[in-house]
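Remarks on the structure that follows.
The values are calculated or read from the model by the stated rules, or taken from the named source; none is laboratory data. Worth saying up front: this structure is predicted, and the values here are computed from it rather than measured. Cβ atoms come from the backbone with ideal geometry, glycine included; neighbour counts cover every protein chain shown. With ligands, DNA and RNA removed, areas are computed over all heavy atoms of the protein, side chains included. Shrake-Rupley method; radii C 1.70, N 1.55, O 1.52, S 1.80 Å.
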Amino acid sequence: MNKQFNRALLIGRWYRGSRGSTGDCFNESAEIAEDGSFEFTFISTDDQGKELEKVIELGDWGLVGDIHFTMTKSEIIENNHYAADLTDDDNYHAYRVLQLNSQIFEYQHAVTKEVFILRRVIDNIGHC
């Protein structure tokens, strides 16, 4: 039987970053809203920190059981807003949620089997 994950745990801001073998960096930030919308920002930089590419995707998301899905409806590239081609399969993705709690969102792409791990971004740090 598939696991059930609490949809409310996904709502908020998330981040992941990685470094390639040439020193290039890839960063993703995700804002996942309660109304089912998302904004994903992908930034690639070279080994000196110079931005190579920045793409912002806007769309809808959902969570059913342990399946997380996204549908990209538009993109912002070099400050230009473009409608996504909704007939393009690359604008639809489904993932199996492997772990979801207040700090970690780990999921695996249904087709490519690539695993992603995002960490929650905390804006307000509490004081004891």
Go through the stretch 27-128 and name the trypsin sites (Lys or Arg not before Pro) that are in a DSSP coil and have 16 or fewer other Cβ atoms within 10 Å of their Cβ.
LYS50, LYS113
How many nm separate the modelled label positions at ALA8 and PHE116, each set 7 Å beyond the Cα in the direction of the Cβ?
2.5
Those residues of the stretch 35-52 whose amide nitrogen sits under 15 Å from the label point placed on GLU78, 7 Å along Cα→Cβ:
51-52
Which of (i) 0.98; (ii) 1.21; (iii) 1.11 is the computed Cα Rg over 2.2 N^0.38 Å for the structure on display?
(iii)
Rounded to a whole number, what % of the accessible area of the chain do carbon and sulfur atoms account for, probe 1.4 Å?
50
With a 1.4 Å probe and all protein chains left in place, how much accessible area per residue does the stretch 11-85 have, in Å²?
58
In percent, what relative contact order does the chain have, based on Cα pairs under 8 Å that are 6 or more apart in sequence?
19
Spin-label point model (7 Å from Cα, Cβ direction): what's the ASP88 to ASP66 distance in nm?
3.2
Using the Cα centre as the reference, give the magnitude of the dipole from point charges on the C-beta atoms of the chain (Lys, Arg: +1; Asp, Glu: -1; all else neutral), rounded to the nearest 20 debye.
700
Describe numerically, in nm with one decimal, the distance between label points set 7 Å from Cα along Cα→Cβ at LEU58 and at ILE43.
1.9
